[in-house]
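The values are calculated or read from the model by the stated rules, or taken from the named source; none is laboratory data. Because the structure is a prediction, the values reported are computed rather than measured. Every residue, glycine among them, receives a Cβ derived from its backbone with ideal geometry; neighbour counts consider all protein chains shown.
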Amino acid sequence: MKTNKSFTKRFKVTGKKKVLKRPSGQNHFNSKNTGREGLKKKGHVKDNLLSNKVKSLFLPKSR
């Protein structure tokens, strides 16, 4: 089965099989934010909402 590319762009799987996602609210209207708020928006957060079935269907198989 093919990997869903749009799904893999939004999520990242670490070496220890943790699923990280990009937080919402980062794309636009960022010019009015302070520097501290901008730094908070960087990076990924842990996502516990995905079931194992969804992970196996959409994320690439790790080796």
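Residue count for region 32-45, restricted to those that are at pLDDT below 80 and aliphatic (A, V, I, L, M): 1.
With respect to PHE29, determine if the residue is at pLDDT 80 or above and out of contact with any Pro (no Cβ under 6 Å at 6 or more places or on another chain). The answer is yes for PHE29. Per the listing PHE11, PHE29, the residue uniquely aromatic (Phe, Trp, Tyr), exposed (fewer than 11 other Cβ atoms within 10 Å of the Cβ) and free of Cβ contacts under 8 Å to residues at least 60 places away in the same chain is PHE29. When region 26-52 is filtered for residues that are outside any loop (DSSP other than H, G, I, E, B) and either farther than 17 Å from PHE11 by Cβ or among the hydrophobic types (A, V, I, L, M, F, W, C) (or both), the ones remaining, listed by number, are GLY35, ARG36, GLU37, GLY38, LEU39, LYS40, VAL45. Of all the criteria given as (1) assigned to a helix (DSSP H, G or I); (2) at pLDDT 80 or above; (3) within 15 Å of the chain's Cα centre (by Cα), the one not satisfied by SER6 is (2).
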